[in-house]
Each structure stands twice: as structure tokens, then as C-alpha cells.
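Working notes for the structure below.
The values are calculated or read from the model by the stated rules, or taken from the named source; none is laboratory data. Being a predicted model, the structure only gives us computed values, none of them experimental. All Cβ positions, even for glycine, are placed from backbone atoms using ideal geometry, and neighbour counts span all protein chains on display. Each accessible area value is taken on the protein alone, full model and side chains, heavy atoms only, with ligands, DNA and RNA left out. Shrake-Rupley method; radii C 1.70, N 1.55, O 1.52, S 1.80 Å.
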Amino acid sequence: MTYPATVGQLSVWRDLEKIPRERHWEANLQFVWDLPEGTTDEQVRAAIEGLAARHGSLRTRYVVDDQGLPRQWITDETGQICQGRDDRPEAQEREQRQVIDVTEHLPWRALIVRNQLVVTIHHMAADGVAALIMREDFLRLLAGEDLPPARGPLELALEQQSRDNPRLRNAERHWRRTLAAAPRAGEHERDSERLGAMLRTGIPMPQAHELAAAAGASLSSVLLAVYHRALCAVTGETVHLLYSMSNNRYDDEQAGIVTSLNQWVPLLLDAGTSNPGAPLATVAEKVHWRHFSALKHGVYSPDAAAAARAEQPGADAGYHYNPMLTPPGFPSGDRPVPSTVEVYPSPRASGPGFYVIARGLTSLEFELRVSRPGWDGSRVRAFADHVLGELHALSPAATARSS
């Protein structure tokens, strides 16, 4: 028996339809988990099978119906996920680049590499938060706990697909209003480069959260304000369409589900809100509430969003923002160090044209993926310098630009 997909699963599916099959590896997420000293390969296999038994999405293949929609097919399979051991240096990269066909195989695999477990999972089965849940459960299973089946995407999909779901209707209206008011796309004569960049701020995460608290907003919203003010400075424009990633884990019913809940949410930010040049702490709260209002519409039908885009073909492609930040109180032994910026050719051919990932595990860093017309290496560096300048102005002791 099959079941409808969640809107999060369908969002990933629709993105995959836009790229060649040989590049479907770009939907792979990869995580490396340290194994406790003395762990045997057999213990790892048993814990992996227990993890699959606990979370339905880890036992789900997808069947395409006659309307081209994926449907969940949950199996009882738990074997063949652990690929054994491979201690060769190239093993991790090989796993990352191997396409996972979710219509033929389970959506993840695990490989023991020396004293670590390399987990490669399709984005339809998990997002970054789900991977943290998986890791915690894996360690508990290794320790001998017996974990019962958890709530999964099957139950969630049945709730979401109701025709009378008011949350989906409200989100669709938000998309239409926002795109109708969005800036129009500009004309660009030359092709865009595919660039990547890594900006390591050198700010430990506990200190980053302290700066955000002093500014009266969440760290995610403070960094969004920094992002927008840098865009204003580099582009010379005062209004931008942004897309923020919503993790959609705001209640107990969804917080612990292992699946892909992430969806992009559009919002407009203008210079009157982010106020470039003013002290960041004076505008962070305004940006925070604008951001919060958009995130309330984080669960929506991707097909309804596509229809809203089709009605506004001249709307700008926008600038994407994905905050992946540990919460306050998460331990870090890092100390402040000078910041660095590295710009390089991007290996990815798909995804948003301007994508900023604000990533913070123990220290704060920004990953950029850029293929937007008009952006070259020097412009990307200018953007990075403005981001660092904003953070330095918020707390001069937090970071210093390296030479």
C-alpha cells in the first residue's frame, strides 16, 4: 500500500525534476559520526538496522503515480543499508557522488571508515535536523537501548494533504502577495560564473549567540539582517526578494520526525527595515519580526508556489538563506581567531542562483554558492567583506579580518 508524500518530500522531488539524473547526487546529504572506542562492525550494523526500524522514512521507497506524483511505499527492509567497511581515503567522496535512486532503493546507506560512520542520505528522507535526531538515536541503540517506532512522515502527509488545510491556503496567499510585490529581474548581458566561497568568521557559537541576545533578536534573524545589508551595499539596490529556509519544527508533533521538512519561504526586505549604516542592534528586532512573519508560512504545496511564480514571470529570482545553527547552550571549546575568506569554482550545477548557508556548530561560518548573473569573484569577496564588517561592528572583540 502507498501513501501521499509530505509537502517537504514533494518539494525535494520537484527540485530533482529540474536537473539531469546524473547530477541527482546533489540531493545527497552526508554526515560523519564518530564511533565510540571499541565499537565493532557488527554492533554498528545492528544499530543501523534498529535506526531504520524506528524511523519509517529510512525504510521508504517512492512510487510515481499516473499524475507524476511520488507516493510513499514503506517497507520492512532494514538490511543492506550498512555497506561494510572501506578505509581508503577516497571512500567518503565516492559515497557523496553516488546517486541514490529512491524509486529503486532505500534512501540512505552507511559506510564504516576507520573509526567513523559515513552516513549518506537522500534529502527526501532527512534534513539537517533529522540527521541530528538520527545520530542521537544511533548512539542510544549502540548503548543497548530498545527504541520503539517513532512518528513519521506517513502520519504527517495524511494531515497535510487535507483539502481543507488552512495553513496551506494561507501560505499560498503569502506566496502570491510577496511575488506580486517583488523586484523585477534585471537584464544581464553576460553569463554567470559558478562560484563557491567559504567565510570563516572565527566567532565561537556561544559568543555569536551572546551578540544576538544583546541585539534583542535570534541569531538567525541577526545574520539575515547582516546578509541583507551586505546585499544593499554591493548591489546598490534597496529592496530584495529573499528566500529563507524554514525547518518547520515548531511544535512537539513535528520536532522529532526524521524526514525532510525544510521549505523555502519568500520575504521582502527593504533598506528602511534593515537600515544599512545604522547600528545593527537597532534594527535586528525589526528584521526578526519580518522574518518571523514569513516563517509562519513555511509549510505549503510546492505546486501552488510554482503556480504563484508562473503568474509573476518577471519577478527576481531572489537571494536564498539557510541558517543551520546550534541553539544557545550547545558546547564549544573554540576560541576567537582571525577570519578568512576563500573563493573557488563551485562543483554544483543546480540549486539557487545566490545561496548563503549560515552554518554554526562550534564556530560561525558562511558558505556561498553563486551562479547569479553579474556576480564574479571580486563581487563575492566584497559581499564577504561587508558581512565581516557588520559582525565586527557589532562586537569588535568578536572577529578580526585576516590579512
For this session: Mind pulling the angle between the C-alpha long axis of helix 128-142 and the longest principal axis of the chain? Nearest 10 degrees, somewhere in 0 to 90.
Result: 40 degrees
Problem set entry | Value of [θ]222 nm, deg cm²/dmol, for the chain, DSSP H segments ≥ 4, -39500 (n - 2.57) each, nearest 500 | -11000 deg cm²/dmol
For this session: Roll a 1.4 Å probe over the protein heavy atoms and report the accessible area of residue 286 in Å², nearest 10.
Result: 100 Å²
For this session: Work out the charge dipole of the chain with +1 on the Cβ of Lys and Arg and -1 on the Cβ of Asp and Glu about the Cα centre, then indicate which of 111, 197, 51 is farthest towards its positive end.
Result: 197
Exercise. Which whole-Hz couplings ³J(HN,Hα) result when phi for each residue of segment 207-218 is put into the Karplus expression 6.51 cos²θ - 1.76 cosθ + 1.60, θ = phi - 60°, listed in order with x for Gly and Pro?
Worked result: 6, 4, 5, 5, 4, 5, 4, 5, 7, x, 8, 5
Seminar exercise, completed: Over the Cα atoms of segment 201-339 the radius of gyration and the largest Cα-Cα distance (Dmax), both in Å, equal 16.4, 50
Problem set entry | segment 14-84 - percent of accessible surface contributed by carbon and sulfur, probe 1.4 Å | 45 percent
For this session: Averaging over all projection directions, find the projected area of the Cα convex hull of segment 3-85 and quote it in nm² with one decimal place.
Result: 7.0 nm²
For this session: State, to one decimal in nm, how far the label point of residue 151 lies from the label point of residue 17, with both points 7 Å from Cα in the Cβ direction.
Result: 2.9 nm
Seminar exercise, completed: Largest-first ranking of 198, 205 by accessible area, probe 1.4 Å, whole protein assembly kept, is 198, 205
Exercise. To two decimal places, what compactness ratio does segment 161-269 give when its Cα radius of gyration is scaled by 2.2 N^0.38 Å?
Worked result: 1.36
Seminar exercise, completed: Expected vector for segment 282-288, Karplus 3J(HN,Hα) from phi with 6.51, -1.76, 1.60 and θ = phi - 60°, integer Hz, x for Gly and Pro, equals 7, 10, 4, 5, 5, 5, 4
For this session: Express in Å², to the nearest 10, the accessible area of residue 10 obtained by rolling a 1.4 Å probe over the protein heavy atoms while all chains stay in place.
Result: 20 Å²
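Would you kindly calculate the translational diffusion coefficient of segment 233-304, applying Stokes-Einstein with the Kirkwood radius from alpha carbon pairs, for 25 °C and a viscosity of 0.890 mPa s, and quote it in µm² s⁻¹ without decimals?
Value of D from the Cα-based Kirkwood radius: 175 µm²/s.
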Problem set entry | Most fluctuating residue given options 362, 103, 40, as computed from a GNM of the chain linking Cα atoms under 10 Å | 40
For this session: May I ask you to order 317-328, 12-23, 224-235 by the average number of other C-beta atoms within 10 Å around their residues, highest value first?
Result: 224-235, 317-328, 12-23
Problem set entry | Rg over Rh, two decimals, segment 79-179 (C-alpha only, Kirkwood Rh) | 1.09
Seminar exercise, completed: Once amide hydrogens are built 1.01 Å from N within the peptide plane, the residues lying 5 or more places from residue 325 or on another chain with amide H under 5 Å from its amide H are 360
Seminar exercise, completed: Calc'd 3J(HN,Hα), segment 39-54, phi into Karplus 6.51 cos²θ - 1.76 cosθ + 1.60 (θ = phi - 60°), Hz, glycine/Pro = x, comes to 5, 8, 4, 5, 5, 4, 4, 5, 5, 4, 5, x, 5, 5, 5, 6
Exercise. Roughly how many debye, to the nearest 20, is the charge dipole of the chain about its Cα centre, given +1 on each Lys and Arg Cβ, -1 on each Asp and Glu Cβ, and no other charges?
Worked result: 920 debye
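Show 127, 66, 316, 334 ordered by accessible area, largest first, where the area counts protein heavy atoms only and the probe is 1.4 Å.
Details: 127 0, 66 150, 316 20, 334 55 Å².
Listed by decreasing accessible area, they come as 66, 334, 316, 127.
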Exercise. To two decimal places, what compactness ratio does segment 263-364 give when its Cα radius of gyration is scaled by 2.2 N^0.38 Å?
Worked result: 1.34
For this session: Please report the base-10 log of the normalised intensity I(q)/I(0) for the chain, using a Debye sum with one equal scatterer per alpha carbon and no solvent, at each q in 0.12, 0.13, 0.14 (1/Å).
Result: -1.05, -1.23, -1.40
